[in-house]
Amino acid sequence: MTTRIPRRSLLEGLLAVGAVGCATREAATPATPATAATAATAATAAGKGSQPPADEWQRIRGEFDLSPEWNHMSSFLLASHPRPVREAIEAMRRQLDQNPPLALHTHEDPTPVREAAAAYMGVKAEEIALTDSTTMGLGTLYLGLPLKAGDEILTTAHDHYATHESLRFAAERSGAKVRKIALYERGSAATAEGMTEAIAKALTPATRVVAVTWVHSSSGVKTPVRAMAEVVARANQGRALQNRIFFCVDGVHGFGVEDVTMADLGCDFFAAGCHKWIFGPRGTGVLWGKAELWPMLRPTIPHFGQEGHKAWIQGQPAPPTTASMMTPGGFHSFEHRWALPAAFAFHKQIGKAKVAARIHALNRQCKEGLRAMKHVTLHTPLEDAISAGIICFEVAGMTPEAVMWKLIERKIIATTSPYATSYARVAPSLLNSEADVEAVLREVRAFA
């Protein structure tokens with residue numbers, strides 16, 4: 001296990017080795033987010049006057065303006081926009097530049113965006129709040145839960161800073177306590193049964209929140225969310241509504257990878273950014289919750305929807321909380337939020353099942369190759385059921401930072417995990433090929 005040490009930023013490193021790139025903005029003039037997605041998808045299918053490559057995955061890769069000089073193995077960090085998304089953003093930006101108030105009035109109803117997200121997630125549009133990131137979603141959710149002194153928040157030692165800090169803020173304001181447990185000792189040895197049992201054993205009568213992450217960016221482990229949801233559901237049997245446990249999930253590194261719906265997962269609330277595996281506009285995210293649970297939450301940031309504003313105008317008490325009321329108000333990067341349906345349309349055009357199969361196949365290839373190397377310790381499980389698209393590993397005699405910089409020198413974009421115990425990471429995605437994976441394996445093999 002290697003202790004994380006300070007390092008230069010990834011941006012610094014890219015500049016140091018000569019990374020250059022600037023996305024071009026192509027023109028389109030749809031009037032709404034929905035038509036933006038439709039027009040951009042049609043343009044993609046038509047190939048803009050040129051024949052698409054014979055290989056489907058090569059064609060999909062061609063929709064991005066990523067520099068071809070690099071092997072992009074860290075697209076999960078912040079996504080490049082595919083052409084349909086770029087075009088939708090540009091169309092919305094032009095409307096804002098030409099007539100800002102009119103554009104704002106035209107698109108002030110977020111229904112098209114919520115409907116696009118809902119169709120992808122298999123839920124109702126009115127169950128979705130819109131955010132700018134996973135972090136905003138987690139903060140909005142945990143600070144909104146009806147916690148009080150004596151309540152316990154159960155989370156894990158593997159979760160990200162954004163979860164732990166959001167829970168700390170919530171505990172400080174409410175008097176609740178946060179308890180962290182380990183789901184496994186080593187990521188490579190994690191099992192679905194062991195992780196589920198760890199949650200079941202940790203529940204107490206005081207537990208009011210179970211906060212977990214679907215895919216750990218610290219190890220690449222994918223947690224058995226459905227099985228955990230069933231454990232929480234059993235614990236809730238016989239409890240009064242005010243004493244129920246809320247099962248909440250940071251889902252960002254499974255969102256856009258796995259072929260599941262919210263019903264499949266079974267959680268109560270789910271937060272994710274859309275600018276990672278979904279390839280959505282940067283600065284967009286979703287927070288979903290079960291319709292019957294939203295009224296129990298308290299908004300933290302005033303929303304700009306009709307419900308609260310109407311009550312304020314009339315001097316009436318605020319109505320019961322809805323998902324819309326949990327969408328933080330104020331001004332945002334509107335052209336990005338309005339263009340979000342194009343990202344869901346892009347995924348739908350490929351097919352969720354096909355996306356999941358492709359990402360898992362590339363990750364299996366990479367993990368099996370790394371595991372075969374005597375100088376490499378693989379920390380991510382091989383099994384698809386408990387892993388997704390992030391692979392964490394160590395190279396004997398090298399710090400994670402040294403591994404990352406060696407790969408960057410060889411034009412392979414890798415990262416390190418930003419945790420107390422850090423590993424080198426690669427994440428084969430839809431933007432990669434089998435040859436890209438082999439290139440990573442070849443370079444890591446040469447580190448011996």
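The values are calculated or read from the model by the stated rules, or taken from the named source; none is laboratory data. Remember, it's a predicted structure, so these values are computed and weren't measured experimentally. Heads up, the Cβs are rebuilt from the backbone with ideal geometry, glycines too, and the neighbour counts pull from every protein chain shown. Calculation scope for accessible area: heavy atoms of the full protein, side chains included, ligands and nucleic acids excluded. Shrake-Rupley method; radii C 1.70, N 1.55, O 1.52, S 1.80 Å.
Would you please name the residue that is nearest to residue 290 (Cα to Cα), looking only at residues in the range 224-234 that are aliphatic (A, V, I, L, M) and open to solvent by less than 30 Å² (accessible area, probe 1.4 Å)? Talk me through it step by step, then tell me what you get.
First, pick out the residues of the range 224-234 that are aliphatic (A, V, I, L, M): 225, 227-229, 231-233.
Still in the list and also open to solvent by less than 30 Å² (accessible area, probe 1.4 Å): 225, 228-229, 231-232.
Numbers: 225: 16, 228: 17, 229: 13, 231: 18, 232: 15 Å.
Looking at the filtered set, the residue picked out is 229.
Residue count for the range 327-376, restricted to those that are at positive phi and modelled with pLDDT under 95: 1.
Tell me whether the range 58-70 contains one or more residues that are among the hydroxyl-bearing types (Ser, Thr, Tyr), touching a strand residue (DSSP E or B) at 6+ places or on another chain (Cβ under 7 Å) and either open to solvent by 20 Å² or more (accessible area, probe 1.4 Å) or farther than 28 Å from residue 215 by Cα (or both).
Let us first name the residues in the range 58-70 that are among the hydroxyl-bearing types (Ser, Thr, Tyr), namely 67.
Those still in the list that are touching a strand residue (DSSP E or B) at 6+ places or on another chain (Cβ under 7 Å) too: none.
Scanning the range 58-70, I find no residue that is among the hydroxyl-bearing types (Ser, Thr, Tyr), touching a strand residue (DSSP E or B) at 6+ places or on another chain (Cβ under 7 Å) and either open to solvent by 20 Å² or more (accessible area, probe 1.4 Å) or farther than 28 Å from residue 215 by Cα (or both), so the answer is no.
Among 202, 192, which is buried (at least 17 other Cβ atoms within 10 Å of the Cβ), out of contact with any strand residue (DSSP E or B) (no Cβ under 7 Å at 6 or more places or on another chain) and not β-branched (Val, Ile, Thr)? Lay out the reasoning, then the answer.
Numbers: 202 fails: out of contact with any strand residue (DSSP E or B) (no Cβ under 7 Å at 6 or more places or on another chain).
Residue meeting the stated conditions: 192.
So which of 447, 393 is in contact with a helix residue (DSSP H, G or I) (Cβ under 6 Å, 6 or more places away or on another chain), aromatic (Phe, Trp, Tyr) and under 27 Å from residue 69 (Cα atoms)?
Working: 447 fails: in contact with a helix residue (DSSP H, G or I) (Cβ under 6 Å, 6 or more places away or on another chain).
Sole residue among the options that is in contact with a helix residue (DSSP H, G or I) (Cβ under 6 Å, 6 or more places away or on another chain), aromatic (Phe, Trp, Tyr) and under 27 Å from residue 69 (Cα atoms): 393.
For the range 175-195, which positions are under 24 Å from residue 240 (Cα atoms) and not in a loop (DSSP other than H, G, I, E, B)? Steps first, please.
Filtering the range 175-195 for residues under 24 Å from residue 240 (Cα atoms) gives 175-179.
Residues satisfying the conditions are 177, 178, 179.
Scan the helices (runs of 4 or more DSSP H) fully inside the range 73-139 and keep the ones with 1 or more residues being open to solvent by less than 30 Å² (accessible area, probe 1.4 Å), hydroxyl-bearing (Ser, Thr, Tyr) and under 30 Å from residue 220 (Cα atoms).
Working: elements: 83-98, 100-106, 111-121.
By residue number, 111-121.
Taken together, the residues in the range 398-419 that are open to solvent by 40 Å² or more (accessible area, probe 1.4 Å), modelled with pLDDT of 95 or more and either within 28 Å of residue 355 (Cβ to Cβ) or in a loop (DSSP other than H, G, I, E, B) (or both) amount to 4. Residues in the range 356-392 that are in a loop (DSSP other than H, G, I, E, B), over 18 Å from the mean Cα position of the chain (by Cα), crowded, with 18+ Cβ neighbours inside 10 Å and not β-branched (Val, Ile, Thr): 379, 381.
Considering only the range 260-355, give the helices (runs of 4 or more DSSP H) lying wholly within it that have at least 3 residues that are open to solvent by 40 Å² or more (accessible area, probe 1.4 Å). Talk me through it step by step, then tell me what you get.
Values: elements: 262-265, 306-314, 334-338, 340-350.
Filter on the range 260-355 gives 306-314.
Contact map, the range 417-440: first residue more than 25 Å from residue 347 (Cβ to Cβ), second residue at pLDDT 95 or above and among the acidic types (Asp, Glu), Cβ cut-off under 9 Å, separation 6 or more or different chains; pairs are 422/401; 423/394; 424/394; 424/401.
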